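Beneath this line is the structure, given in structure tokens, with notes to follow.
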Amino acid sequence: MAHHKSSQGQWSSRWAFFFAAAASAVGLGNIWKFPYITGENGGAAFVLVYIGCILIMGLPLMMAEIALGRRAGRNPIQATRAVAVESCRSPRWQIIGILGVLTGFLVLSYYSVIAGWSLDYILKGLMGAFNGANSEEISTLFNDFIGNPWSLSFWHTVTILSVIFTTASGVQKGIERVVYFMFPAMLIILLGLVVYATQTGAFMQGLTFLFAPDFSKLTMDSVLLAMGQAFFSLSLAQGAMLAYGAYLPVRVSIAKTAILIALADTFIALLAGVAIFPIVFANDLPITAGPSLIFETLPIAFGKMPFGQVFSVLFFIMLFFAAFTSAIALIEGVVAWANERLNISRRMAAFAAGGLIWLLGFIAVFSFNIGSDVTVFGKNGFEFIDYLTADIMMPLSGFLVAIFVGWMIDKDVIKKELGIKNPLYHKAWFFTVRYLSPIAIAAVGIDLLFF
Ligand code: TRP
């Protein structure tokens, strides 16, 4: 099979791809999850485990996904099919692409709702809603906000419409333009927040929490947590890297670029911790994870601090940029598929896919208010989709990618695609994808499902 040039267009340069992929990797996971689990699981000890997971699972699989995408130059579903057929394997291996696209679809439905929250919090910050508020007032503010289906629906709609317009504008005119602006802007704001954090008086306390190694806190659970986080944070197993890989010009080294993406993602996750913890500690607040860290704890801190209003606005702008650049990656696979397979224009595909995701998003919207009593296996709608995607679909499709690339497809094809010059490094990659990654993922999967 000769290289097929994607009908969606190509990245204008290696850096365009790097920006788009790194911006997709850096998202809510880096900001609200990584710092917290690191602090809770032994600081630097956990960081080491996490880096280990990136090395034996995240990075090799990211390289594999990008390579598969580029080899085929098609949307994730047809790409996995084409590469399978090329190696005389069953076209059914396209299940990898199908699972990926479906996972991206589901994840985006709630991701967009939460990206919408940050838009609302930018406005709240601008209006000074956090100034001098105590923790009850901030909690009321948050609970009133998520308790109102209208406001959540409004911001969810704004986010999805922005995603649709960006995606409809195409790879270069849409995605590239957005990531070239939002990714550096996000990084600059984050660096500004780090400088701000150094002025809080609790900077060292924050650093100690994040980096002092405490191996006694490291349990088997932390190892599994690190693996799951590596997956989610690098945007793997959701069709995103497959889709973005399809637009990568042939001359670009996949191995080198993937290393840069993984480095950027990890560095920014650490930086988020360096920015957030001192601010929280300086105000004697408890460290939590997820929505409550971002939307309840931090606003109290900002409300009490000098220039807190300015930095609260900057913080939520940063959060929105991080989430938005992940959202446009989550929809790319479906849109490319609809465009290439169903023969509708990219614009129509963006509207159709975005419209369906918008509808699906109401499950997440209502699970915070009028529908909070509706549960499946004891989880509300949002929690259930999160569980289904992160704990079941992602490990499963990651496992399949490892098996597919490690055992099924033509070794020379993938070798040429990856372009690792040093034969030793290539062997190490191959060994990892063939043995280490599937075993590691199977271990996480079994643990998550049964324990
Ligand atoms: N990696 C993003 C984060 O850390 C979120 C994410 C998960 C994602 N899966 C994705 C982004 C797939 C794009 C594509 O928050």
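None of the figures in this text is laboratory data; all of them are computed from the coordinates on show. As the structure is a computational prediction, the values presented were derived from the model and not from experiment. Cβ placement follows ideal geometry from the backbone for every residue including glycine, while neighbour counts extend to all protein chains displayed.
Working ranking of peptides 320-329, 184-193 by packing, defined as the average number of other Cβ atoms within 10 Å per residue, highest first, is 320-329, 184-193. In sequence order, the range 4-11 has phi-based couplings of 10, 7, 4, 6, 7, x, 10, 5 Hz under the Karplus curve 6.51 cos²θ - 1.76 cosθ + 1.60, θ = phi - 60°, and Gly or Pro positions carry x.
Considering only ALA20, PHE384, TRP429, the residue lying farthest towards the positive end of the dipole of the chain is TRP429, judged by Cα position with unit charges set on Cβ. The trypsin sites (Lys or Arg not before Pro) of the range 1-72 that meet both conditions, a loop assignment by DSSP and at most 15 other Cβ atoms within 10 Å of the site Cβ, are LYS5. Let me have the 222 nm mean residue ellipticity of the chain computed from DSSP H runs of 4+ only, each contributing -39500 (n - 2.57), with the sum over all residues rounded to the nearest 500. When only DSSP H runs of four or more count, the value is -22000 deg cm²/dmol. By the gyration tensor of its Cα atoms, with a ≥ b ≥ c the square roots of the eigenvalues, what is the shape of the range 83-124: rounded for a/c under 1.5, prolate for a/b over b/c, or oblate? Prolate, since a/c reaches 1.5 and a/b exceeds b/c. In this Cβ point-charge picture (+1 for Lys and Arg, -1 for Asp and Glu), the range 1-126 has a dipole of about 480 debye about its Cα centre. Only lysines eight or more places from LYS379 in sequence, or on another chain, were considered; those with a Cα closer than 30 Å are LYS33, LYS124, LYS217. Here's the picture: charge each Lys and Arg Cβ at +1 and each Asp and Glu Cβ at -1 in the chain, and of LEU187, PHE165, PRO213 the one pushed furthest to the positive end of that dipole is PHE165.
Shape analysis of the chain places it in the prolate category; the axes a ≥ b ≥ c from the Cα gyration tensor give an a/c of at least 1.5, with a/b above b/c. Extension gain for VAL376-VAL85 works out to 100.9 nm (0.36 nm per residue, less the C-alpha to C-alpha distance). The calculated FRET efficiency for TYR425 paired with LEU359, based on their beta-carbon distance and R0 = 35 Å, is about 0.15.
Between ASN369 and ALA44, the FRET efficiency estimated from the beta carbon spacing at R0 = 30 angstrom works out to 0.15. With R₀ set to 25 Å, the beta-carbon distance separating ARG341 from PHE165 gives a calculated FRET efficiency near 0.65. Placing +1 on the Cβ of every Lys and Arg and -1 on the Cβ of every Asp and Glu, with nothing else charged, gives the chain a dipole about its Cα centre of roughly 2000 debye.
Summing Lys and Arg as +1 and Asp and Glu as -1 over all other residues whose Cβ lies under 14 Å from the Cβ of ILE146 gives a net charge of -3. Rounded to the nearest Hz, the phi-derived 3J(HN,Hα) couplings of the range 272-288 under the Karplus curve 6.51 cos²θ - 1.76 cosθ + 1.60 (θ = phi - 60°) are 4, x, 4, 7, 7, 4, x, 5, 6, 5, 4, 10, 6, 9, x, 7, 10, where x marks glycine and proline.
Listed values for the range 59-66 are Karplus-derived 3J(HN,Hα) couplings in whole Hz (6.51 cos²θ - 1.76 cosθ + 1.60, θ = phi - 60°), namely 4, x, 6, 5, 4, 4, 5, 4, and x replaces Gly and Pro.
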